[in-house]
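Reviewing the structure listed below.
The values are calculated or read from the model by the stated rules, or taken from the named source; none is laboratory data. All figures in this text were calculated on a predicted structure; none of them were measured in a lab. Quick reminder, even Gly has a Cβ in these numbers, built from the backbone with ideal geometry, and neighbours come from all protein chains shown.
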(Lines give C-alpha, C1' and ligand atoms only; values in the text may rest on other atoms or scores of the structure.)
Protein backbone atom coordinates (compact mmCIF):
# COMPACT_ATOMS: atom_id res chain seq x y z
CA UNK A 1 0.00 0.00 0.00
CA UNK A 2 1.38 3.42 -1.00
CA UNK A 3 1.72 6.01 1.72
CA UNK A 4 -1.00 8.63 1.94
CA UNK A 5 -1.26 12.37 2.50
CA UNK A 6 -4.65 13.27 3.93
CA UNK A 7 -6.01 16.70 3.01
CA UNK A 8 -8.96 18.41 4.67
CA UNK A 9 -12.29 19.24 3.07
CA UNK A 10 -11.20 22.86 2.60
CA UNK A 11 -9.62 21.73 -0.66
CA UNK A 12 -13.03 20.70 -1.99
CA UNK A 13 -14.32 24.28 -1.92
CA UNK A 14 -14.45 25.25 -5.59
CA UNK A 15 -14.70 28.95 -4.75
CA UNK A 16 -11.02 28.86 -3.87
CA UNK A 17 -9.70 26.84 -6.77
CA UNK A 18 -6.45 28.32 -8.07
CA UNK A 19 -3.48 27.39 -10.18
CA UNK A 20 -1.16 27.29 -7.13
CA UNK A 21 -3.61 24.94 -5.37
CA UNK A 22 -3.92 22.60 -8.36
CA UNK A 23 -0.17 22.56 -8.91
CA UNK A 24 0.56 22.05 -5.22
CA UNK A 25 -1.77 19.07 -4.93
CA UNK A 26 -0.28 17.62 -8.13
CA UNK A 27 3.22 17.97 -6.69
CA UNK A 28 2.16 16.23 -3.46
CA UNK A 29 0.66 13.42 -5.53
CA UNK A 30 4.13 12.74 -6.93
CA UNK A 31 5.24 11.93 -3.38
CA UNK A 32 2.26 9.95 -2.07
CA UNK A 33 -1.39 9.26 -2.70
CA UNK A 34 -3.37 12.41 -1.89
CA UNK A 35 -6.69 11.56 -0.26
CA UNK A 36 -9.36 13.94 0.98
CA UNK A 37 -11.03 13.43 4.33
CA UNK A 38 -14.21 14.84 5.83
CA UNK A 39 -14.22 13.07 9.21
CA UNK A 40 -14.10 15.28 12.29
CA UNK A 41 -12.79 12.55 14.59
CA UNK A 42 -9.56 10.89 13.50
CA UNK A 43 -8.93 7.55 15.22
CA UNK A 44 -6.92 4.38 14.64
CA UNK A 45 -9.10 3.19 11.76
CA UNK A 46 -8.03 6.23 9.70
CA UNK A 47 -4.28 5.98 10.31
CA UNK A 48 -2.99 3.19 8.05
CA UNK A 49 -0.31 4.40 5.66
CA UNK A 50 -0.73 8.08 6.55
CA UNK A 51 2.56 10.01 6.44
CA UNK A 52 1.15 13.53 6.52
CA UNK A 53 -2.06 15.44 7.11
CA UNK A 54 -3.07 18.93 6.06
CA UNK A 55 -5.63 19.43 8.79
CA UNK A 56 -8.66 21.59 9.37
CA UNK A 57 -10.55 21.50 12.67
CA UNK A 58 -10.79 17.71 12.99
CA UNK A 59 -9.93 16.16 16.36
CA UNK A 60 -6.91 13.82 16.30
CA UNK A 61 -7.22 11.25 19.06
CA UNK A 62 -4.50 9.30 20.82
CA UNK A 63 -5.50 6.12 19.00
CA UNK A 64 -4.76 7.83 15.67
CA UNK A 65 -1.22 8.67 16.74
CA UNK A 66 -0.66 5.21 18.18
CA UNK A 67 -1.73 3.54 14.94
CA UNK A 68 -0.12 6.03 12.54
CA UNK A 69 3.35 4.50 12.60
CA UNK A 70 4.35 6.23 9.35
CA UNK A 71 3.05 9.68 10.31
CA UNK A 72 5.58 12.50 10.11
CA UNK A 73 3.61 15.72 10.21
CA UNK A 74 0.23 17.31 10.79
CA UNK A 75 0.27 20.68 9.06
CA UNK A 76 -2.55 22.91 10.28
CA UNK A 77 -4.16 24.94 7.50
CA UNK A 78 -4.25 27.97 9.79
CA UNK A 79 -3.03 28.65 13.30
CA UNK A 80 -5.57 26.98 15.62
CA UNK A 81 -4.15 23.85 17.19
CA UNK A 82 -6.42 22.90 20.07
CA UNK A 83 -7.87 19.87 18.21
CA UNK A 84 -4.62 18.18 17.16
CA UNK A 85 -3.52 17.18 20.69
CA UNK A 86 -0.02 18.59 20.50
CA UNK A 87 1.25 16.77 23.59
CA UNK A 88 0.22 13.36 22.27
CA UNK A 89 1.72 14.18 18.87
CA UNK A 90 5.01 15.11 20.52
CA UNK A 91 4.98 11.92 22.55
CA UNK A 92 4.71 9.92 19.32
CA UNK A 93 7.31 11.88 17.37
CA UNK A 94 4.98 13.78 15.06
CA UNK A 95 5.67 17.33 13.92
CA UNK A 96 2.83 19.82 14.29
CA UNK A 97 3.07 22.95 12.18
CA UNK A 98 0.90 26.02 11.81
CA UNK A 99 0.61 28.44 8.90
CA UNK A 100 0.74 32.01 10.25
CA UNK A 101 0.34 33.60 6.82
CA UNK A 102 -3.16 35.07 7.11
CA UNK A 103 -2.62 37.38 10.07
CA UNK A 104 -3.02 40.52 7.97
CA UNK A 105 -6.30 39.12 6.58
CA UNK A 106 -7.74 38.67 10.08
CA UNK A 107 -6.48 42.13 10.99
CA UNK A 108 -8.34 43.59 8.00
CA UNK A 109 -11.51 41.74 9.07
CA UNK A 110 -11.14 43.29 12.53
CA UNK A 111 -10.75 46.78 11.12
CA UNK A 112 -13.80 46.22 8.90
CA UNK A 113 -15.95 45.19 11.88
CA UNK A 114 -14.57 48.05 13.96
CA UNK A 115 -15.75 50.56 11.36
CA UNK A 116 -19.02 48.76 10.65
CA UNK A 117 -19.99 48.82 14.32
CA UNK A 118 -18.90 52.43 14.90
CA UNK A 119 -20.85 53.55 11.84
CA UNK A 120 -23.85 51.40 12.86
CA UNK A 121 -23.88 49.85 9.38
CA UNK A 122 -25.87 46.81 10.47
CA UNK A 123 -28.59 48.86 12.15
CA UNK A 124 -28.84 51.35 9.29
CA UNK A 125 -29.18 48.53 6.77
CA UNK A 126 -31.93 46.86 8.81
CA UNK A 127 -33.82 50.13 9.29
CA UNK A 128 -33.63 51.09 5.64
CA UNK A 129 -34.82 47.69 4.41
CA UNK A 130 -37.68 47.92 6.91
CA UNK A 131 -38.82 51.27 5.60
CA UNK A 132 -37.39 53.35 8.45
CA UNK A 133 -35.18 56.07 6.96
CA UNK A 134 -34.15 57.66 10.24
CA UNK A 135 -30.81 59.37 10.77
CA UNK A 136 -29.18 57.80 13.84
CA UNK A 137 -26.11 58.47 15.96
CA UNK A 138 -22.86 57.00 14.67
CA UNK A 139 -19.24 57.47 15.77
CA UNK A 140 -15.80 58.32 14.41
CA UNK A 141 -12.81 56.04 14.80
CA UNK A 142 -10.68 59.16 15.11
CA UNK A 143 -10.29 60.20 18.75
CA UNK A 144 -12.00 57.00 19.97
CA UNK A 145 -10.48 54.30 22.18
CA UNK A 146 -9.83 50.84 20.76
CA UNK A 147 -8.89 47.94 23.02
CA UNK A 148 -7.07 44.77 22.00
CA UNK A 149 -7.38 41.78 24.31
CA UNK A 150 -4.36 39.71 23.34
CA UNK A 151 -1.33 41.20 21.62
CA UNK A 152 0.27 38.44 19.60
CA UNK A 153 0.83 38.41 15.85
CA UNK A 154 -2.74 39.30 14.86
CA UNK A 155 -3.20 41.89 17.59
CA UNK A 156 -0.01 43.60 16.47
CA UNK A 157 -1.21 43.64 12.85
CA UNK A 158 -4.45 45.28 14.00
CA UNK A 159 -2.43 47.85 15.95
CA UNK A 160 -0.36 48.74 12.89
CA UNK A 161 -3.53 49.46 10.91
CA UNK A 162 -5.49 51.12 13.70
CA UNK A 163 -2.93 53.56 15.07
CA UNK A 164 -3.17 56.09 12.23
CA UNK A 165 -6.97 55.72 12.04
CA UNK A 166 -7.31 56.67 15.70
CA UNK A 167 -5.39 59.90 15.14
CA UNK A 168 -3.18 61.66 17.63
CA UNK A 169 -5.96 62.03 20.17
CA UNK A 170 -7.24 58.46 19.91
CA UNK A 171 -6.11 55.78 22.35
CA UNK A 172 -5.03 52.22 21.65
CA UNK A 173 -5.18 50.06 24.79
CA UNK A 174 -3.92 46.48 25.04
CA UNK A 175 -4.19 43.72 27.61
CA UNK A 176 -1.96 40.65 27.56
CA UNK A 177 -0.39 38.44 30.20
CA UNK A 178 3.05 38.44 28.56
CA UNK A 179 5.66 40.01 30.89
CA UNK A 180 6.99 42.47 28.30
CA UNK A 181 3.58 43.85 27.35
CA UNK A 182 4.21 47.42 28.53
CA UNK A 183 7.32 47.84 26.40
CA UNK A 184 5.82 45.97 23.46
CA UNK A 185 2.70 48.14 23.57
CA UNK A 186 4.80 51.31 23.45
CA UNK A 187 6.49 50.09 20.28
CA UNK A 188 3.08 50.11 18.58
CA UNK A 189 1.89 53.42 20.02
CA UNK A 190 -0.36 51.64 22.51
CA UNK A 191 -0.82 51.62 26.28
CA UNK A 192 -0.95 48.46 28.36
CA UNK A 193 -3.71 48.13 30.96
CA UNK A 194 -3.61 46.08 34.14
CA UNK A 195 -6.78 44.00 33.76
CA UNK A 196 -9.48 42.95 31.31
CA UNK A 197 -12.07 44.89 33.31
CA UNK A 198 -10.09 48.10 32.78
CA UNK A 199 -9.92 47.39 29.05
CA UNK A 200 -13.67 46.83 28.75
CA UNK A 201 -14.48 49.86 30.91
CA UNK A 202 -12.27 52.32 29.02
CA UNK A 203 -12.84 51.36 25.37
CA UNK A 204 -15.38 52.25 22.71
CA UNK A 205 -14.54 48.98 20.98
CA UNK A 206 -12.78 45.85 22.25
CA UNK A 207 -11.40 43.17 19.94
CA UNK A 208 -10.28 39.71 21.08
CA UNK A 209 -7.08 38.16 19.72
CA UNK A 210 -6.48 35.15 21.95
CA UNK A 211 -5.79 31.51 21.06
CA UNK A 212 -7.51 28.54 22.64
CA UNK A 213 -11.14 27.86 23.52
CA UNK A 214 -11.30 28.82 27.19
CA UNK A 215 -14.02 31.35 28.01
CA UNK A 216 -12.37 34.60 29.08
CA UNK A 217 -15.21 37.11 28.67
CA UNK A 218 -18.23 36.84 30.92
CA UNK A 219 -20.96 39.07 32.25
CA UNK A 220 -18.62 40.98 34.60
CA UNK A 221 -16.50 42.18 31.68
CA UNK A 222 -19.51 42.91 29.47
CA UNK A 223 -21.40 44.95 32.04
CA UNK A 224 -18.31 47.13 32.45
CA UNK A 225 -18.67 48.30 28.83
CA UNK A 226 -20.22 51.58 27.73
CA UNK A 227 -23.72 51.31 26.20
CA UNK A 228 -22.48 52.62 22.83
CA UNK A 229 -19.46 50.26 22.77
CA UNK A 230 -19.01 47.04 20.79
CA UNK A 231 -17.15 43.75 21.20
CA UNK A 232 -15.46 42.09 18.22
CA UNK A 233 -14.36 38.46 18.40
CA UNK A 234 -12.36 37.36 15.33
CA UNK A 235 -10.75 34.51 17.28
CA UNK A 236 -12.98 31.74 18.70
CA UNK A 237 -16.63 31.89 19.67
CA UNK A 238 -15.99 30.02 22.91
CA UNK A 239 -13.87 32.87 24.22
CA UNK A 240 -17.09 34.71 25.08
CA UNK A 241 -19.94 33.39 27.22
CA UNK A 242 -22.79 33.41 24.69
CA UNK A 243 -25.53 33.57 27.29
CA UNK A 244 -23.79 36.47 29.02
CA UNK A 245 -23.24 38.50 25.85
CA UNK A 246 -26.83 37.92 24.74
CA UNK A 247 -28.05 39.15 28.12
CA UNK A 248 -25.73 42.18 28.06
CA UNK A 249 -26.86 43.18 24.58
CA UNK A 250 -30.52 42.88 25.61
CA UNK A 251 -29.81 45.02 28.68
CA UNK A 252 -28.17 47.64 26.41
CA UNK A 253 -24.87 47.37 28.24
CA UNK A 254 -23.14 47.31 24.85
CA UNK A 255 -24.32 47.95 21.32
CA UNK A 256 -22.94 45.16 19.09
CA UNK A 257 -21.23 41.81 19.38
CA UNK A 258 -19.52 40.63 16.18
CA UNK A 259 -18.15 37.08 16.26
CA UNK A 260 -16.44 35.17 13.47
CA UNK A 261 -18.37 31.96 14.12
CA UNK A 262 -21.68 30.76 12.65
CA UNK A 263 -24.99 31.12 14.47
CA UNK A 264 -25.30 27.44 15.32
CA UNK A 265 -24.35 25.19 18.21
CA UNK A 266 -23.61 27.31 21.28
CA UNK A 267 -24.21 30.45 19.23
CA UNK A 268 -27.66 29.50 17.99
CA UNK A 269 -29.01 31.75 20.72
CA UNK A 270 -27.86 34.69 18.58
CA UNK A 271 -29.77 33.67 15.43
CA UNK A 272 -31.74 36.59 14.04
CA UNK A 273 -30.57 39.09 16.66
CA UNK A 274 -30.19 42.51 14.98
CA UNK A 275 -27.15 43.53 17.02
CA UNK A 276 -25.26 40.24 17.15
CA UNK A 277 -23.30 39.62 13.96
CA UNK A 278 -22.12 36.08 13.23
CA UNK A 279 -19.82 35.28 10.31
CA UNK A 280 -18.88 31.74 9.31
CA UNK A 281 -15.30 31.67 10.59
CA UNK A 282 -14.46 33.45 7.36
CA UNK A 283 -12.43 36.32 8.80
CA UNK A 284 -9.07 34.89 7.75
CA UNK A 285 -10.23 33.51 4.42
CA UNK A 286 -9.81 35.52 1.25
CA UNK A 287 -8.76 34.54 -2.27
CA UNK A 288 -5.27 35.77 -1.47
CA UNK A 289 -4.93 34.26 2.00
CA UNK A 290 -6.02 30.79 0.86
CA UNK A 291 -3.23 30.75 -1.70
CA UNK A 292 -0.73 31.66 1.00
CA UNK A 293 -2.14 29.00 3.34
CA UNK A 294 -2.04 26.39 0.59
CA UNK A 295 1.54 27.14 -0.35
CA UNK A 296 2.71 27.15 3.25
CA UNK A 297 1.14 23.80 4.15
CA UNK A 298 2.22 22.16 0.88
CA UNK A 299 5.78 23.26 1.60
CA UNK A 300 5.68 22.02 5.20
CA UNK A 301 4.42 18.57 4.18
CA UNK A 302 6.95 18.29 1.36
CA UNK A 303 9.80 19.26 3.66
CA UNK A 304 8.81 16.66 6.26
CA UNK A 305 8.48 13.88 3.69
CA UNK A 306 11.78 14.76 2.04
CA UNK A 307 13.68 14.96 5.32
CA UNK A 308 13.89 18.71 5.89
CA UNK A 309 12.76 20.65 8.94
CA UNK A 310 9.58 22.55 8.03
CA UNK A 311 8.80 26.12 9.05
CA UNK A 312 6.59 27.11 11.96
CA UNK A 313 6.91 23.98 14.11
CA UNK A 314 4.54 24.29 17.04
CA UNK A 315 6.25 21.58 19.13
CA UNK A 316 10.01 22.16 18.66
CA UNK A 317 10.78 19.78 21.52
CA UNK A 318 9.77 16.94 19.19
CA UNK A 319 12.97 17.56 17.21
CA UNK A 320 14.77 15.47 19.81
CA UNK A 321 12.44 12.49 19.43
CA UNK A 322 14.20 9.46 17.89
CA UNK A 323 11.60 9.20 15.12
CA UNK A 324 12.12 12.81 14.12
CA UNK A 325 15.88 12.61 14.36
CA UNK A 326 15.83 9.66 11.99
CA UNK A 327 13.29 11.34 9.72
CA UNK A 328 15.34 14.50 9.36
CA UNK A 329 18.62 12.58 9.17
CA UNK A 330 19.67 14.83 11.99
CA UNK A 331 23.01 14.92 13.76
CA UNK A 332 23.44 16.17 17.34
CA UNK A 333 25.20 19.48 17.88
CA UNK A 334 27.56 20.06 20.78
CA UNK A 335 24.76 21.78 22.70
CA UNK A 336 22.58 18.70 22.34
CA UNK A 337 20.11 20.18 19.85
CA UNK A 338 19.38 18.52 16.54
CA UNK A 339 20.65 19.82 13.21
CA UNK A 340 18.31 19.00 10.36
CA UNK A 341 19.26 17.91 6.90
CA UNK A 342 18.11 21.24 5.51
CA UNK A 343 20.48 23.36 7.63
CA UNK A 344 24.07 24.27 6.90
CA UNK A 345 26.56 22.38 9.03
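Here are some notes:
- Exactly one residue among 266, 316 is surrounded by fewer than 16 Cβ atoms within 10 Å (Cβ to Cβ), out of contact with any strand residue (DSSP E or B) (no Cβ under 6 Å at 6 or more places or on another chain), over 17 Å from residue 105 (Cα atoms) and in contact (Cβ under 8 Å) with a residue 24 or more places away in the chain, and that residue is 266.
- Test: residue in segment 159-171 that is at pLDDT below 95, surrounded by fewer than 16 Cβ atoms within 10 Å (Cβ to Cβ), in contact with a helix residue (DSSP H, G or I) (Cβ under 7 Å, 6 or more places away or on another chain) and not in a loop (DSSP other than H, G, I, E, B): no
- Residue 244 vs. criteria in the same structural domain as residue 201 (by TED's automatic domain parsing), at pLDDT 95 or above and either over 29 Å from residue 109 (Cα atoms) or crowded, with 21+ Cβ neighbours inside 10 Å (or both): no
- Scan of segment 10-41 for residues that are in a loop (DSSP other than H, G, I, E, B) and in contact with a helix residue (DSSP H, G or I) (Cβ under 8 Å, 6 or more places away or on another chain), ordered by number: 18, 31, 32, 37, 38, 39
Table: residues versus (1) touching a residue at least 60 places away in the same chain (Cβ under 8 Å); (2) on the phi > 0 side of the Ramachandran plot; (3) not in a helix (DSSP H, G or I); (4) not assigned by TED's automatic domain parsing to the domain that holds residue 299.
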position: 53; (1), (2), (3), (4): no, no, yes, no
position: 66; (1), (2), (3), (4): no, no, no, no
position: 74; (1), (2), (3), (4): no, no, yes, no
position: 93; (1), (2), (3), (4): yes, yes, yes, no
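- Subset tally (residues that are surrounded by fewer than 18 Cβ atoms within 10 Å (Cβ to Cβ) and either at pLDDT below 95 or within 15 Å of residue 207 (Cα to Cα) (or both)) for segment 87-107: 1
- Among the residues making up segment 76-91, a single one is more than 16 Å from residue 7 (Cα to Cα), without any contact (Cβ under 8 Å) to a residue 60 or more places away in the chain and outside any helix (DSSP H, G or I): 85.
- Residue that is surrounded by 15 or more Cβ atoms within 10 Å (Cβ to Cβ), in a loop (DSSP other than H, G, I, E, B) and on the phi > 0 side of the Ramachandran plot, where the choices are 272, 212, 189, 283: 189
- Contacts under 6 angstrom Cβ, first residue in segment 182-193 being farther than 16 Å from residue 162 by Cα, partner buried (at least 18 other Cβ atoms within 10 Å of the Cβ), 6 or more apart: 182/192; 193/173; 193/175; 193/199
- Failed condition for residue 107, given (1) touching a strand residue (DSSP E or B) at 6+ places or on another chain (Cβ under 9 Å); (2) assigned to a helix (DSSP H, G or I); (3) within 18 Å of residue 211 (Cβ to Cβ); (4) without any contact (Cβ under 8 Å) to a residue 60 or more places away in the chain: (1)
- Verdict on residue 118 being within 30 Å of residue 157 (Cβ to Cβ) and assigned by TED's automatic domain parsing to the domain that holds residue 70: no
- Filtering segment 247-260 to residues that are surrounded by fewer than 22 Cβ atoms within 10 Å (Cβ to Cβ) and part of a loop (DSSP other than H, G, I, E, B) leaves 251, 252, 253.
- Residues located in segment 300-313, provided they are assigned to a helix (DSSP H, G or I) and touching a strand residue (DSSP E or B) at 6+ places or on another chain (Cβ under 7 Å): 300, 301, 304, 305
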